[in-house]
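Each value in this text was obtained by applying a stated rule to the coordinates, not by laboratory testing. All values derive from a computational prediction rather than experimental measurement. Counting neighbours? That spans all protein chains shown, and the Cβs are built from the backbone with ideal geometry, glycine included.
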Amino acid sequence: MSMRLLILVFLAISGTLLAQDRSVVVTQVDEKGFPEVNLELEVRNIDGTFLLDASRESFRVTEYDRNVEILKFNAPQSLQRKPTTIVLVVDHSGSMRAEDRIGGMKRAVASFLEGLPEGSRVAVIGFSSQVRVICPFTESFNDVQAAVDGLSPMGGTRFYDAVAEALRLIGEEPGRRSVLALTDGIDTESREASIESVVKLARKLGLPVHTLGLGNEALIASDGMRVMAESTRGQYYPAVDAAKLKSIYEEIALRLRSSYSLTYRTDRPLQDGTLRPVKVYFEGITKAAEAAVYVRGMVVPARGWSWLFVVLVSGLAIAHWLPWGRVSTPT
């Protein structure tokens with residue numbers, strides 16, 4: 001075997017092993033453009049860093065284990081940076097006064113905004129004993145920072161109600177979306193939402209919720225925040241003190257900039273009320289990233305309605321509107 005052939009074989013094996021060390025995760029599903037479906041996903045190397053320059057040809061998408069066509073593709077290192085729509089959920093309860101946690105949060109938000117792609121839209125929900133949208137969606141990061149800087153620590157903690165409000169606020173927004181929710185305590189005053197209802201709503205919307213726990217994990221609801229994040233394809237970030245918040249927000253901004261976006265067209269365009277299994281394969285990796293696309297509408301059998309059922313339903317509808325199909329009321 002020639003030296004050149006040996007080198008080629010070595011490179012091929014090395015490339016395969018390197019690809020197997022990577023992982024793909026679907027972070028968001030958006031079916032608003034149905035029958036076109038948008039997926040946001042990440043590709044990580046074995047050391048946890050993001051792979052940023054993969055091509056469209058590196059991906060394959062299936063729905064019900066059938067290949068579907070990728071119509072649009074955007075990589076993190078493409079010339080066109082894709083904006084992101086974000087809701088920041090920030091705690092300003094009375095406990096945020098300790099150790100200048102609220103000051104650390106304000107500085108961390110400033111650093112986070114600097115790392116977002118141009119054209120991103122941000123809204124802010126502040127919560128204590130009340131839940132308020134203190135800044136509606138805007139591309140003006142100055143307005144976002146001013147709203148956050150205006151917060152003062154007071155009151156209790158309605159964390160779950162605030163996250164639920166964030167999901168409702170962002171639910172109808174198009175494109176790449178995310179919710180970042182920070183608290184330094186245990187939910188003590190939520191009146192409408194629970195961790196179960198928040199997770200259910202986030203899954204229905206196909207949205208990741210990233211949670212940030214500030215302070216001693218023994219004193220905050222870290223288990224609940226971890227469950228909320230992991231159940232919605234988000235991530236839980238613990239911060240033992242306010243000084244660590246800055247690096248965490250910067251890490252999240254990097255993660256948002258490192259996401260691939262692809263759009264495929266389903267070969268089953270009927271809005272049939274089904275939950276469709278979707279898989280994304282990356283070249284050289286045998287394990288696919290899995291997701292589910294909820295398609296709104298009436299549940300329809302896979303082969304469609306039988307002609308007899310359609311005739312029966314049509315006949316009943318016609319009979320209802322014919323004169324002998326109505327019951328007259330005596331006068």
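Here are the numbers for this structure:
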quantity: Neighbour-limited loop hits for trypsin sites (Lys or Arg not before Pro), the range 177-281 (at most 13 other Cβ within 10 Å; DSSP other than H, G, I, E, B); calculated: Arg191
quantity: Calculated from backbone phi, Karplus (6.51, -1.76, 1.60) coupling profile of the range 245-253 in Hz, x at Gly/Pro; calculated: 4, 4, 5, 5, 4, 5, 5, 5, 4
quantity: Under-5 Å amide H pairs with Gly171, H placed in peptide plane, nonlocal only; calculated: none
quantity: Residue-wise HN-Hα coupling along the range 171-188, computed from phi with Karplus coefficients 6.51, -1.76, 1.60 (Hz; x: Gly, Pro); calculated: x, 9, 6, x, x, 6, 9, 6, 10, 10, 10, 10, 8, 10, x, 9, 4, 10
quantity: Loop-located GluC sites (Glu not before Pro) in the range 158-227 whose Cβ has at most 10 other Cβ within 10 Å (DSSP); calculated: Glu172
quantity: The range 31-69-the range 222-260 distance, computed between alpha-carbon centres (Å); calculated: 22 Å
quantity: In order through the range 221-237: 3J(HN,Hα) via Karplus (6.51 cos²θ - 1.76 cosθ + 1.60), integer Hz, x for Gly, Pro; calculated: 7, 5, 4, x, 5, 5, 4, 4, 5, 5, 6, 10, 6, x, 9, 9, 10
quantity: Stokes-Einstein D in µm²/s, Kirkwood radius over Cα pairs - the range 85-257 at 4 °C with 1.567 mPa s viscosity; calculated: 84 µm²/s
quantity: Ranked list, fewest to most other Cβ atoms within 10 Å of each Cβ, for Ser197, Ser58; calculated: Ser197, Ser58
